[in-house]
Amino acid sequence: MNAPTCSSTRRDGTPCRATPTASGRCFAHDAALQESTSNGRRRGGQNKSNARRAAKRMPRELRDIVDIVEAAMGAVLQSKVSPSQGHAVASLAGAWVRLHELGEVQQRLEALEQAAESRKGWRA
């Protein structure tokens, strides 16, 4: 027994072999689903972008700094603030990032030191 297939034809003129929805057409050919399908494709493409993937890996507080710098850049480009004000924002953001990195390095160093200390006792 053959499973039901979509009642539409593909661009090349062959019958569509996808599983149909209640309308008798597959999700790609069902006119009622076109908008949601299109929105899903768009969101899928946006979520695959390098910028989006990088943002997902970035710590939340760093994303906030990036947003501030991007807003300052936009304000400078639109002549809402002076380039020197934009430069000041970028300098402050850079200082914040360096301090954040220093804090992370300090935490990692402390963890390594603790691990080294616990191994000393293990080998004795």
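The values are calculated or read from the model by the stated rules, or taken from the named source; none is laboratory data. Since we're looking at a predicted model, the values are computed, not measured. Cβ sites come from the backbone with ideal geometry, for glycine too, and all protein chains shown count toward neighbours.
Does segment 93-112 contain any residue that is over 20 Å from Glu61 (Cα atoms) and of a type in the set (Gly, Ala, Ser)? Checking segment 93-112: at least one residue is over 20 Å from Glu61 (Cα atoms) and of a type in the set (Gly, Ala, Ser).
For segment 1-83, list the helices (runs of 4 or more DSSP H) that sit wholly inside it and hold at least 3 residues that are at pLDDT 85 or above; which are they?
Helices (runs of 4 or more DSSP H) meeting the threshold: 60-77.
Within segment 83-124, being closer than 30 Å to Asp67 by Cβ and basic (Lys, Arg) holds for Arg98, Arg108.
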